[in-house]
1. Return the subset of A:K94/B:K53; A:K175/B:K53; B:K8/B:K97; A:K228/B:K151; A:K248/B:K246 for which the Cα-Cα distance in this structure is over 20 Å, preserving the input order.
2. Counting other Cβ atoms within 10 Å, keep those with at most 16, restrict to DSSP loop, and tell me which trypsin sites (Lys or Arg not before Pro) in segment A:106-173 are left.
3. Give me B:T184, A:T133, A:T181, A:T227 ranked fewest to most by other Cβ atoms within 10 Å of their Cβ, as a rough exposure proxy.
4. Sort A:86-96, A:56-66, A:72-82 for me by packing, meaning the mean count of neighbouring Cβ atoms within 10 Å per residue, highest on top.
5. What lysines does A:K2 reach when the alpha-carbon gap must be under 22 Å and sequence neighbours fewer than 8 apart in one chain are set aside?
6. Given only helices, namely DSSP H runs of n ≥ 4 each adding -39500 (n - 2.57), what is the per-residue ellipticity at 222 nm of chain A, to the nearest 500 deg cm²/dmol?
7. Give, as a single signed number, the net charge of other residues whose beta carbon lies under 15 Å from the beta carbon of A:A34, with Lys and Arg counted +1 and Asp and Glu -1.
8. About the Cα centre of segment B:110-180, how large is the charge dipole given +1 on each Lys and Arg Cβ and -1 on each Asp and Glu Cβ? Please answer in debye to the nearest 20.
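Throughout, read-outs are computed from the coordinates displayed, never taken from laboratory work. Given the structure is predicted, the values throughout are model-derived calculations rather than measurements. So basically every Cβ, Gly included, is an ideal-geometry build from the backbone, and we count neighbours across all protein chains shown.
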Amino acid sequence: MKNVLIYSERLELAAELVSAGRFVASAAGGSLRALSVGDADLAGFLASRGADVLEIRSAEQPPADPAQIAQALRVAAESAGAGVILLASNRRGKEIAGRLAQELGAGCLTDVGRLEAAEGRITGVRNALGGATEVFQAVTTERQVLALRPGVFAAAPEAAPGAVQFLDVPLPEPKIRLRETRAKAGDAVDIGRAEVLVVVGQGLADREDLALAERIARALGGEVACTKPVATDRRWLAEDRIVGLSGKTCRPALALLLGVSGQVQFSVGIRDAGTIAAINRDDQAPVASLSDYFLQADLKAVLPDLAGRFPDT
Amino acid sequence: MNIVIAMKQVPDLQQVRIRDRRPVLEGVPLLMGDIDRSALAAAVALQDVVAGKRIVLSAGDENLEDTVKEALAAGADEAALVIDNRLRDADSAFIAKVLAEAVRRIGDVGLLLFGEGSADNYSGQVMSRVAAILGWPQAGYVREIRLEGGKAVLTRSLEDCEEVVEADLPVVASVVSEIAQPVTPSVTAILRAGRKPKTVWGLSDLGLEGPQPKVVENLEQLAPLGERKGIVLKSLEDLLAVLRAKEKP
Ligand SMILES: Cc1cc2nc3c(=O)[nH]c(=O)nc-3n(C[C@H](O)[C@H](O)[C@H](O)COP(=O)(O)OP(=O)(O)OC[C@H]3O[C@@H](n4cnc5c(N)ncnc54)[C@H](O)[C@@H]3O)c2cc1C
Ligand SMILES: Nc1ncnc2c1ncn2[C@@H]1O[C@H](COP(=O)(O)O)[C@@H](O)[C@H]1O
């Protein structure tokens, strides 16, 4: 079982898993297979990235019931002789990971931010204690399920096409029925790649003040990002602008934090920044010790002034 | 029909200090995770539609009876606790086994709620594992729950979309924090909560006293390196100078 099986329903994440799968397969001396469940486009795409594909037909794509995908993965892993099953650690991927691991009697790591392979052992590095620490973990069961955070590996480029092989697997009756899908308001920006980030927290009192933060971000050639409650509770910005444990890991050269307290689950997403500057009215807030430059001030008083110093483009 | 809310006892992460790159957990108070508290609040909000009880289910060490008081004060009717000091560092696979056994003993469970991820481990595995063991339908990352007769209609919040799914009860679901604001009970409510019913099991009561194979090995746990300058600025002008210096010409 030296082989590796990869699956994600998302093309861009699946392309990253092709790279990750090659890394693991070469360390283990095995080969790589990719799975598509009822999605001919995904199968074709994976083949165009050089992966040999197993395709399992299904009425829905992707099936709404994670138990169905887990079943497809089990059969595919068996057929491919795969000891390592790599998934993407997006929400769907994480949900499948636990189910599959349980059904395989396997250990599982999710939200893996780094993968190391040495002496035949794979080590996953993940955040613990909300991001205060990193744990290095290894799965000890014969089969292992690993879910990788987006962006850990670069997407595999086009390559000599792999083969697509159909597997005839009857999937179980779905116990979860999809009634409706609603698109989420999202942005085309990827804060994970921004050079400059102006991050707003709950210390920004009025929604109108967002425009001021945006003005500063624009002038500095950057993007606005936010803490989790600003997106999920206040719904001021889209969730893909969240920095942190349940959001994105960002590496800007400069981050300006406005009214952010700096709790661990946030800090873990910004600690790779080059320079961190922060404004907070509380000099005891954890953000004070998290930043290179700290200004204790009330945003109500200073933000209009600060924004006014930048051209309104 | 009862609603069971799985809540994990965790150290208060805001009070965890780092010494020599290692976390210092001694003396750090224990509490129930924030997202789990949101799950409880969501269950409490279903009070009018579900006549049964809201039962907090938790597996942990000897401190659990004390930690659970807050949840009982925040609206849970009863607690079902599995207490053993070996549960302190147990992995997701074992915790799932323990919780599933406990759910089987609680009986008449229509809805089994989890947090989307535990505060300290944030792995998001336990819910799916329990659903697999019980063979119940599962839905993750739920931000809205409606009950219609014998069905649950759940709105899932995924990265790029929301999905409205339905399933026949009993259903296992994990929730995101925005499903409900956690209830912060008063001190008197916490004192009174000590009188609410509690069932306490040991691992042997669940038939799980034997040695449990670990499926994941922890090799190392370290705080990442990273020092910041920690310069306190005196004025907005100083801050502007910092920003300008970083500005691309
Ligand atoms: C499992 C889990 C995962 C999480 N993941 C994330 C994540 O990915 N990202 C994330 O951000 N959070 C995450 N959180 C939440 C996190 O714990 C914090 O609650 C959150 O980061 C706090 O956001 P905040 O700093 O905007 O708000 P607060 O903590 O409320 O801080 C607001 C700050 O603004 C300051 N302030 C208030 N008014 C003013 C003013 N007028 N002028 C100047 N300063 C002012 C205050 O002093 C305070 O420091 C997670 C939590 C859990 C449990
Ligand atoms: N020891 C435990 N006792 C009760 N519930 C738990 C325990 N561990 C995890 N959970 C539940 O499982 C969820 C996800 O945990 P995890 O898989 O560790 O991220 C938590 O939010 C809790 O609802």
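1. Values: A:K94/B:K53 30 Å; A:K175/B:K53 25 Å; B:K8/B:K97 15 Å; A:K228/B:K151 31 Å; A:K248/B:K246 23 Å.
In this structure, A:K94/B:K53; A:K175/B:K53; A:K228/B:K151; A:K248/B:K246 lie more than 20 Å apart at Cα.
2. Details: sites: A:R114, A:R121, A:R126, A:R143; in loops: A:R143.
Sparse-neighbourhood loop trypsin sites (Lys or Arg not before Pro): none present.
3. Working: B:T184 10, A:T133 22, A:T181 15, A:T227 30.
Lowest count first: B:T184, A:T181, A:T133, A:T227.
4. Values: A:86-96: 25.9, A:56-66: 19.8, A:72-82: 21.5.
So the order, starting with the most tightly packed, is A:86-96, A:72-82, A:56-66.
5. The reachable lysines, counting only those whose Cα sits under 22 Å from A:K2, are B:K214.
6. On the way: 9 runs with 89 residues, N = 313.
When only DSSP H runs of four or more count, the value is -8500 deg cm²/dmol.
7. Working: positive: A:R10, A:R22, A:R33, A:R49; negative: A:E9, A:E12, A:E16, A:D39, A:D41, A:D52, A:E55, A:E158.
Net of charged neighbours comes to -4.
8. Details: 5 positive and 11 negative charges, 60 e Å.
Around 280 debye, computed over segment B:110-180.
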